[in-house]
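Colleague: Below is a structure I'd like to ask you about.
The values are calculated or read from the model by the stated rules, or taken from the named source; none is laboratory data. The structure presented is a predicted model; accordingly, all values stated were derived computationally and were not measured. Quick reminder, even Gly has a Cβ in these numbers, built from the backbone with ideal geometry, and neighbours come from all protein chains shown. To get the accessible areas, we keep the full protein, side chains included, count just its heavy atoms, and leave off ligands, DNA and RNA. Shrake-Rupley method; radii C 1.70, N 1.55, O 1.52, S 1.80 Å.
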Amino acid sequence: MTSYRFAARALSAAAVTSALLFTAGCGSDSDGPGGHSQHGGAPVSDAFNAADLAFVQGMIPHHEQAIEMSELAAGRAGSDAVRDLAAVIEQAQGPEIDTLRSWLSDWDAEPADHGGHDMSGMMSDEDMAELEGSSGAEFDAAFLRLMIVHHEGAVEMARELERQGSFAPALEMAQDIISSQSAEIDQMTELLN
């Protein structure tokens with residue numbers, strides 16, 4: 001009987017300690033580099049799960065395509081606003097690709113073995129050809145239209161990770177993607193109109 005009470009007390013103490021550690025980990029509104037805390041939704045940890053891996057493997061080719069699209073703007077865009085926006089997209093997503101690749105390396109995981117065209121928001125080869133074959137105002141309209149769809153796909157992927165992921169740094173990146181790319185969608189919609 002004594003050993004049962006001791007075990008019950010030990011479990012109770014462990015539960016309290018876990019709750020305190022979890023609360024301490026969520027105590028700030030600026031926990032991550034993006035200034036986002038992790039409240040609600042999936043449990044947050046330093047361990048990754050299948051949703052985290054799928055997000056990382058999918059977001060690498062997704063970001064790579066956004067950069068490919070943005071690089072075209074330097075020589076084809078008709079407006080400074082589109083050219084500047086494309087530069088912002090490149091500057092944001094390049095370092096994120098490096099981070100995503102470093103996570104794959106840390107996890108001893110391979111990049112996705114698909115070209116990424118089956119993911120939400122990805123451009124088809126025909127879409128990319130249309131973009132490459134245009135310039136001036138025609139390029140601007142095509143770029144904005146296609147990049148809005150592309151960003152919407154990234155936001156969808158990030159929201160899915162928020163629901164299913166567990167790796168804290170990936171969840172922070174997902175929140176940053178949702179915030180920054182939603183703002184860029186608004187900006188691009190204004191430019192398109």
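Colleague: What percentage of the solvent-accessible surface of the range 138-193, computed with a 1.4 Å probe over protein heavy atoms, is contributed by carbon and sulfur atoms?
Modeller: Carbon plus sulfur share of accessible area: 47 percent.
Colleague: While we're on this one: Let me know the charge dipole size of the range 57-135 about its Cα centre in debye, to the nearest 20, where only the beta-carbon of Lys, Arg (+1) and Asp, Glu (-1) is charged.
Modeller: For the range 57-135, the charge dipole is close to 280 debye.
Colleague: Kindly write out, for the range 92-107 in residue order, the coupling ³J(HN,Hα) from the Karplus curve 6.51 cos²θ - 1.76 cosθ + 1.60 (θ = phi - 60°), rounded to whole Hz, with x marking Gly and Pro.
Modeller: Using θ = phi - 60°, the values come out as 7, 8, x, x, 5, 4, 4, 5, 4, 5, 5, 5, 4, 5, 4, 8 Hz.
Colleague: Rolling a 1.4 angstrom probe over the protein heavy atoms, how many square angstrom per residue are accessible across the range 75-136?
Modeller: I get 55 Å² per residue for the range 75-136.
Colleague: Please list 166-176, 103-113, 87-97 highest first by mean number of surrounding beta-carbon atoms within 10 Å per residue.
Modeller: With the highest mean Cβ count within 10 Å placed first, the list reads 166-176, 87-97, 103-113.
Colleague: How large is the Kirkwood hydrodynamic radius of the range 131-193, in angstrom, based on all distinct alpha carbon pairs?
Modeller: Kirkwood hydrodynamic radius for the range 131-193: 12.7 Å.
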